[in-house]
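Asker: Please find one structure pasted underneath; my questions will follow.
The values are calculated or read from the model by the stated rules, or taken from the named source; none is laboratory data. Nothing here was measured: the structure is a model prediction, and the numbers come from that model. Every residue, glycine among them, receives a Cβ derived from its backbone with ideal geometry; neighbour counts consider all protein chains shown.
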Amino acid sequence: MDSSSHEQKIQLILNQIIQLATGNLDARGAPDNSDDDLDGIILGLNMLGEELQKSRESLRQKSLELERQVDETQLANEMLRSEVQERRKAESQIRKLNQELEKRVEKRTAQLQKANEELEAFSYSVAHDLRSPLRSILSYSQITLKRHSKFLNEEAKRYLRTIEEKTHEMGQLIDDLLAFALLNQKEISTQTVATDKIVDNIVQSYKMDVRSKEIAWNIQSLPNIQGDRTLIKQVFTNLISNAVKFTVVKPNPMVTVGTISEGGLNTFFVKDNGVGFDMQYKDKLFGVFQRLHEKEQFEGTGVGLAIVQRIIERHHGKVWAESMIDQGATFYFSIPPELNN
Amino acid sequence: MENKTVDILLVEDNASDAELILISLEEKKLVPSIFMVRDGEKALDYIFSRGEFGHRSGEDNPKLILLDLKLPKINGLEVLSSIKEKVPTKNIPVVILTSSAHSKDIEECYRLGANSYIVKPIGFDEFSKIITHTVKYWLEINKTL
């Protein structure tokens with residue numbers, strides 16, 4: 001190998017190095033077996049080129065991957081942003097709906113309040129306006145009977161007494177109806193109610209009354225319950241007074257008050273051996289002004305059991321009755337133990 | 001009539017209720033002098049010497065006012081509150097005589113300063129007993145300023 005071709009070869013190698021150094025990683029030299037050393041350098045440079053190319057390719061891949069990841073992250077961010085926006089929109093919609101609902105509740109409450117006030121005004125008028133003329137009718141009949149008795153024959157006196165009696169009846173009717181109407185407005189105040197004391201009080205008053213002294217009382221031990229004391233007392237008063245009313249007319253009258261316990265629920269009952277009623281009318285029993293017996297035979301306005309039912313309903317309980325004609329009647333009621341008004 | 005000292009000012013729009021009060025007193029031989037007005041406006045005119053009662057001197061206040069609640073023009077609660085908020089009249093005993101046993105009315109009347117609250121019964125015997133007891137108590141037993 002002559003020196004000029006040697007130099008030429010070195011020049012080629014230098015060229016290759018420059019090419020590689022400036023980034024042309026494709027630059028390759030061709031060994032020509034003229035000089036082992038130089039051929040070795042060329043082969044080395046060729047290998048270096050290969051390696052650099054591989055590294056560059058892998059870097060490119062990595063950067064592509066990174067770019068892809070950046071793109072993905074951006075996309076995710078974008079999605080998140082729009083999700084946040086949507087959520088805000090939904091929240092503001094919910095707020096709007098809530099406000100509308102609140103407005104509607106307010107409106108409905110105001111309507112109910114107005115209806116309640118109207119009912120109250122109505123009860124007030126009934127009490128005042130109906131009782132005033134009744135007082136005149138009754139009082140003037142009584143005064144006439146008292147002051148002018150000597151001018152009246154027996155028939156006239158009987159008529160006046162009938163007016164007196166019927167007016168009393170109507171007064172009672174108005175009072176009962178008012179009590180029934182006001183029952184819906186009364187707030188229930190829940191407390192522990194000792195039913196045995198309540199029943200004992202009621203029974204004592206009947207024991208002292210000559211009209212009911214024939215009655216044999218069977219009072220079992222009664223549990224405490226949760227409820228409104230005044231109203232629960234009203235329930236027992238009405239049920240016991242009914243039992244007495246329909247039993248005293250029969251021989252050996254007997255009234256039983258007790259409980260049946262079932263699954264932690266106490267069912268109270270008031271049982272009598274009186275005239276009873278026909279079970280086909282059991283649904284009518286609790287209606288306002290509903291009577292199953294003739295007025296001449298048994299006094300009363302027909303509001304008592306309606307009041308009982310309303311009170312039990314307001315305690316979220318149940319009331320029902322069983323009977324057979326002439327075999328007595330049993331009235332049951334139960335009130336759930338945890339009363340959530 | 002309004003120049004004379006009056007024992008009872010009766011504010012009652014119902015003529016028969018008023019008559020029943022007079023009959024009750026008469027039966028028990030009670031003879032207080034009674035002046036009757038039939039609406040709330042007349043009641044206030046009388047008490048405060050206004051309108052047709054302008055010449056009445058403020059000295060001769062009635063010893064007792066029997067006041068119905070449901071009255072024409074100005075209702076009993078307003079009459080009561082006017083009487084009880086002014087110095088010259090606030091010591092006159094006012095007995096509410098009404099058909100209403102409404103707890104809201106009872107509460108409001110006592111809040112406004114009523115001296116007594118009576119629910120008129122329907123039957124005459126009871127009515128008469130309550131009226132005579134009330135009149136005797138406030139005119140003979142009770143001491144006012």
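Asker: Consider only pairs whose beta carbons are under 9 Å apart and that are at least six residues apart or on different chains; among these, list those whose first residue lies in segment A:163-177 and is farther than 11 Å from A:Gly300 by Cα and within 11 Å of chain B (Cβ to nearest Cβ) and whose second residue is part of a helix (DSSP H, G or I) and of a type in the set (Lys, Arg).
Answerer: Going by the 9 Å Cβ cut-off, the qualifying pairs are A:Thr167/A:Arg135; A:Gly171/A:Arg131; A:Gly171/A:Arg135; A:Ile174/A:Arg131; A:Asp175/A:Arg131.
Asker: Here is a follow-up. Out of A:Thr259, A:Thr230, A:Thr162, A:Thr247, I need the residue that is in a strand (DSSP E or B) and of a type in the set (S, T, N, Q). Which one? Show your work before the answer.
Answerer: On the way: A:Thr230 fails: in a strand (DSSP E or B); A:Thr162 fails: in a strand (DSSP E or B); A:Thr247 fails: in a strand (DSSP E or B).
Answer to the selection: A:Thr259.
Asker: If you don't mind, another one. Just to verify a result, which residue in segment A:135-171, among those that are farther than 17 Å from B:Ile23 by Cβ and surrounded by 15 or more Cβ atoms within 10 Å (Cβ to Cβ), is modelled with the highest pLDDT? Give the steps one after another, and end with the answer.
Answerer: The initial filter retains those residues of segment A:135-171 that are farther than 17 Å from B:Ile23 by Cβ, namely A:150-159, A:161-163, A:165-171.
Then drop every residue that is not surrounded by 15 or more Cβ atoms within 10 Å (Cβ to Cβ), which leaves A:163, A:167, A:170-171.
Numbers: A:Ile163: 94, A:Thr167: 91, A:Met170: 87, A:Gly171: 86.
Going through the qualifying residues, I end up with A:Ile163.
Results for (1) touching a residue at least 60 places away in the same chain (Cβ under 8 Å); (2) within 14 Å of chain A (Cβ to nearest Cβ); (3) in contact with a helix residue (DSSP H, G or I) (Cβ under 9 Å, 6 or more places away or on another chain), shown as yes or no for each residue.
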| residue | (1), (2), (3) |
| --- | --- |
| B:Ile23 | yes, yes, yes |
| B:Leu30 | yes, no, yes |
| B:Val37 | no, no, yes |
| B:Glu41 | no, no, yes |
| B:Arg50 | no, no, yes |
| B:Glu59 | no, no, no |
| B:Lys63 | yes, no, yes |
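Asker: Look at segment A:263-305 and say how many of its residues are touching a residue at least 60 places away in the same chain (Cβ under 8 Å), surrounded by fewer than 20 Cβ atoms within 10 Å (Cβ to Cβ), in a loop (DSSP other than H, G, I, E, B) and aliphatic (A, V, I, L, M).
Answerer: 1
Asker: Still on this model: Please go through segment A:2-53 and pick out each residue that is surrounded by 11 or more Cβ atoms within 10 Å (Cβ to Cβ) and of a type in the set (Val, Ile, Thr).
Answerer: A:Ile10, A:Ile13, A:Ile17, A:Ile18, A:Ile41, A:Ile42
Asker: A further question on this structure: Quick one: would you say A:Thr237 is outside the structural domain of A:Gln309 (by TED's automatic domain parsing) and surrounded by 15 or more Cβ atoms within 10 Å (Cβ to Cβ)? Let's see the steps before the verdict.
Answerer: Numbers: outside the structural domain of A:Gln309 (by TED's automatic domain parsing): no; surrounded by 15 or more Cβ atoms within 10 Å (Cβ to Cβ): yes.
No.
Asker: Now, a different point. Quick check on segment B:100-138: of everything there that is outside any helix (DSSP H, G or I) and within 12 Å of another protein chain (Cβ to nearest Cβ), which residue is farthest from B:Ser33 (Cα to Cα)?
Answerer: Per the criteria, the residue is B:His102.
Asker: Name, by its number, the condition in (1) among the polar types (S, T, N, Q); (2) loosely packed, with under 15 Cβ neighbours inside 10 Å; (3) not in a loop (DSSP other than H, G, I, E, B) that does not hold for A:Ser221.
Answerer: (3)
Asker: Still on this model: I'd like the full set of residues that are more than 8 Å from chain B (Cβ to nearest Cβ) and closer than 23 Å to B:Leu97 by Cβ, limited to segment A:130-145. Give the steps one after another, and end with the answer.
Answerer: Filtering segment A:130-145 down to residues more than 8 Å from chain B (Cβ to nearest Cβ) leaves A:130, A:133, A:137, A:141, A:144-145.
Scanning segment A:130-145 gives A:Leu130, A:Pro133, A:Ile137, A:Ser141.
Asker: Also, quick follow-up: For segment B:76-99, which positions are under 13 Å from the mean Cα position of the chain (by Cα) and within 14 Å of another protein chain (Cβ to nearest Cβ)?
Answerer: B:Gly76, B:Leu77, B:Ile96, B:Leu97, B:Thr98
Asker: Being among the hydrophobic types (A, V, I, L, M, F, W, C) and more than 30 Å from B:Asn14 (Cα to Cα) is true for just one of A:Leu101, A:Leu152, A:Leu134. Which residue is that?
Answerer: Numbers: A:Leu152 fails: more than 30 Å from B:Asn14 (Cα to Cα); A:Leu134 fails: more than 30 Å from B:Asn14 (Cα to Cα).
None of the other options fit; the residue is A:Leu101.
Asker: Given the residues B:Leu71, B:Leu97, which is the only one that is closer than 30 Å to A:Glu164 by Cβ, in a loop (DSSP other than H, G, I, E, B) and in contact (Cβ under 8 Å) with a residue 40 or more places away in the chain? Walk me through how you get there before you give the answer.
Answerer: Numbers: B:Leu97 fails: in a loop (DSSP other than H, G, I, E, B).
Exactly one of B:Leu71, B:Leu97 is closer than 30 Å to A:Glu164 by Cβ, in a loop (DSSP other than H, G, I, E, B) and in contact (Cβ under 8 Å) with a residue 40 or more places away in the chain, namely B:Leu71.
Asker: Would you say B:Asp45 is outside any loop (DSSP other than H, G, I, E, B), surrounded by fewer than 22 Cβ atoms within 10 Å (Cβ to Cβ), in contact with a helix residue (DSSP H, G or I) (Cβ under 9 Å, 6 or more places away or on another chain) and within 13 Å of chain A (Cβ to nearest Cβ)?
Answerer: Working: outside any loop (DSSP other than H, G, I, E, B): yes; surrounded by fewer than 22 Cβ atoms within 10 Å (Cβ to Cβ): yes; in contact with a helix residue (DSSP H, G or I) (Cβ under 9 Å, 6 or more places away or on another chain): yes; within 13 Å of chain A (Cβ to nearest Cβ): no.
Criteria not met by B:Asp45.
Asker: On the basis of being crowded, with 17+ Cβ neighbours inside 10 Å, assigned by TED's automatic domain parsing to the domain that holds A:Val308 and out of contact with any Asp or Glu (no Cβ under 6 Å at 6 or more places or on another chain), does A:Ser205 make the cut?
Answerer: No.
Asker: Right, B:Lys73: over 30 Å from A:Arg147 (Cα atoms) and of a type in the set (Lys, Arg) or not?
Answerer: Details: over 30 Å from A:Arg147 (Cα atoms): yes; of a type in the set (Lys, Arg): yes.
For B:Lys73, the condition - over 30 Å from A:Arg147 (Cα atoms) and of a type in the set (Lys, Arg) - is met.
Asker: Kindly list, by first and then second residue, each pair from a residue in segment A:243-258 that is assigned by TED's automatic domain parsing to the domain that holds A:Gln204 to a residue that is in a strand (DSSP E or B) and among the hydroxyl-bearing types (Ser, Thr, Tyr), limited to pairs with Cβ atoms under 9 Å and residues at least 6 apart or on different chains.
Answerer: A:Ala243/A:Thr256; A:Thr256/A:Thr330
Asker: What's the total number of residues in segment B:1-21 that are at pLDDT 90 or above and away from every other protein chain (no Cβ under 14 Å)?
Answerer: Count: 5.
Asker: What residue, of A:Gln226, A:Gln220, is among the polar types (S, T, N, Q) and closer than 26 Å to A:Phe180 by Cα?
Answerer: A:Gln226
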